[in-house]
Amino acid sequence: MKRKHKGRADIWIRVIALIATLATIGAVAYVQFSGTGSKLEEAVTNLESGITTPSDSGTEPAPSDDAEEASSSYSGFFPIIDESNPVDKSYFEDAVFIGDSLLNGLKLNTEIGTVADWLVNDDMTVGSAERISISTPSGSTTLMDALAAKKYAKVYVMMGINDLTAPAKDWAAQYEELLADIAKAQPDAIMYVMAVMPASEQAVARRESLGVQNIVAHNQALFKVLWANGYYYLDTWGQFADLHGYLASEDNTDGIHLTTAKYKEMYDYICGRTIEA
């Protein structure tokens, strides 16, 4: 798979910014989740445990054992993309989007719905992705058959909201296998993987698996998989979670899916974080 890797010079700046963001969410959530704050802090620490910050001298320190293990296959690679000048819709003419109903909403509510190819099924999970039926303009197919039939320069993947009853580590391991199969089918494509989205507080009350701590844990496990394999991470969770880790009531239609305005914001977000093909 072709992967455009950035130099290591600014990696630690991005690491510190990421840790600061997660730490802020963790600190605020500690107040919100009185009595369970320690669990959320532990979840936030899961990602930090694989990252060592620079020393005061400004030199890059040796990575921790976990960080070395995560990044050993792709030296110098870091999965978070710096924000850049936004691309226009033509960037997605050779792209395919793979995922569940949350990704289908992006198709239905933005201008790339008729530009890119979409291999989506509202009920798709990491476990069912390779066997579930997918409707396309040319008929019903499966994910791997569709990927075998056409080559793409960019692959976007978003799923997980239907998988959250699975332990984060097990889910991430299964996701890693799925991404490897996609990469094998599209060896020259840039792989973008979108984070599991936040849910509203009301949705969490109805469905415990949508809890903030659980989604954070899944995203952190996913982040490590992407770092280890050279795939890019789009932090759609951080883009839409409020200071308590929820999806704001005015931003969703049913506790999970975004409003049209917020799907357009998601589109703007991914347009501003791309790698040259």
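Is it true that Val204 is modelled with pLDDT of 95 or more, open to solvent by 10 Å² or more (accessible area, probe 1.4 Å) and of a type in the set (A, V, I, L, M)? Against the criterion (modelled with pLDDT of 95 or more, open to solvent by 10 Å² or more (accessible area, probe 1.4 Å) and of a type in the set (A, V, I, L, M)), Val204 qualifies.
Quick check, is Asp82 charged (D, E, K, R) and in a loop (DSSP other than H, G, I, E, B)? It is true that Asp82 is charged (D, E, K, R) and in a loop (DSSP other than H, G, I, E, B). The lone criterion from (1) touching a residue at least 12 places away in the same chain (Cβ under 8 Å); (2) surrounded by fewer than 20 Cβ atoms within 10 Å (Cβ to Cβ); (3) not in a loop (DSSP other than H, G, I, E, B) left unmet by Ile98 is number (2). Quick one: would you say Leu119 is assigned to a strand (DSSP E or B) and open to solvent by less than 30 Å² (accessible area, probe 1.4 Å)? Yes: the conditions hold for Leu119.
Leu179: outside any loop (DSSP other than H, G, I, E, B), open to solvent by less than 30 Å² (accessible area, probe 1.4 Å), over 23 Å from Asp122 (Cα atoms) and in contact (Cβ under 8 Å) with a residue 24 or more places away in the chain, yes or no? When the stated conditions are applied, Leu179 does not pass them. Going by what's in this entry, would Asp188 be described as acidic (Asp, Glu), touching a residue at least 24 places away in the same chain (Cβ under 8 Å) and more than 24 Å from Leu247 (Cα to Cα)? Yes: the conditions hold for Asp188.
Applying the criterion of being crowded, with 20+ Cβ neighbours inside 10 Å and in contact with a strand residue (DSSP E or B) (Cβ under 8 Å, 6 or more places away or on another chain) to the residues of region 122-139, the residue that is farthest from Gln186 (Cα to Cα) is Met124. Per the conditions (1) in contact (Cβ under 8 Å) with a residue 40 or more places away in the chain; (2) out of contact with any Asp or Glu (no Cβ under 6 Å at 6 or more places or on another chain); (3) over 17 Å from Ser101 (Cβ atoms), the sole criterion not satisfied by Ala129 is (3).
Here is the figure for region 132-159: residues that are in contact with a Phe, Trp or Tyr (Cβ under 7 Å, 6 or more places away or on another chain) and part of a loop (DSSP other than H, G, I, E, B) total 0.
With the requirement that a residue be exposed (fewer than 13 other Cβ atoms within 10 Å of the Cβ) and not basic (Lys, Arg), what does region 149-160 give you? Listed by number, the list holds a single entry, Ala149. In this structure, Asp268 qualifies as closer than 20 Å to Tyr192 by Cβ and either surrounded by fewer than 21 Cβ atoms within 10 Å (Cβ to Cβ) or of a type in the set (Lys, Arg) (or both).
Select from region 139-155 the residues that are over 20 Å from Tyr91 (Cα atoms) and in contact (Cβ under 8 Å) with a residue 24 or more places away in the chain and list them in ascending order. Before you say what the answer is, go through the steps one by one.
Applying the first criterion (over 20 Å from Tyr91 (Cα atoms)) to region 139-155 yields 139-146, 148-149.
Across region 139-155, the qualifying residues are Leu143, Met144, Ala146, Ala148.
The values are calculated or read from the model by the stated rules, or taken from the named source; none is laboratory data. A quick note: this is a predicted structure, and the numbers were derived from the prediction, not measured. Note: ideal-geometry Cβ built from the backbone for every residue, glycine included; neighbour counts use all protein chains shown. Just the protein is used for accessible areas: all its heavy atoms, side chains included, with ligands, DNA and RNA removed. Shrake-Rupley method; radii C 1.70, N 1.55, O 1.52, S 1.80 Å.
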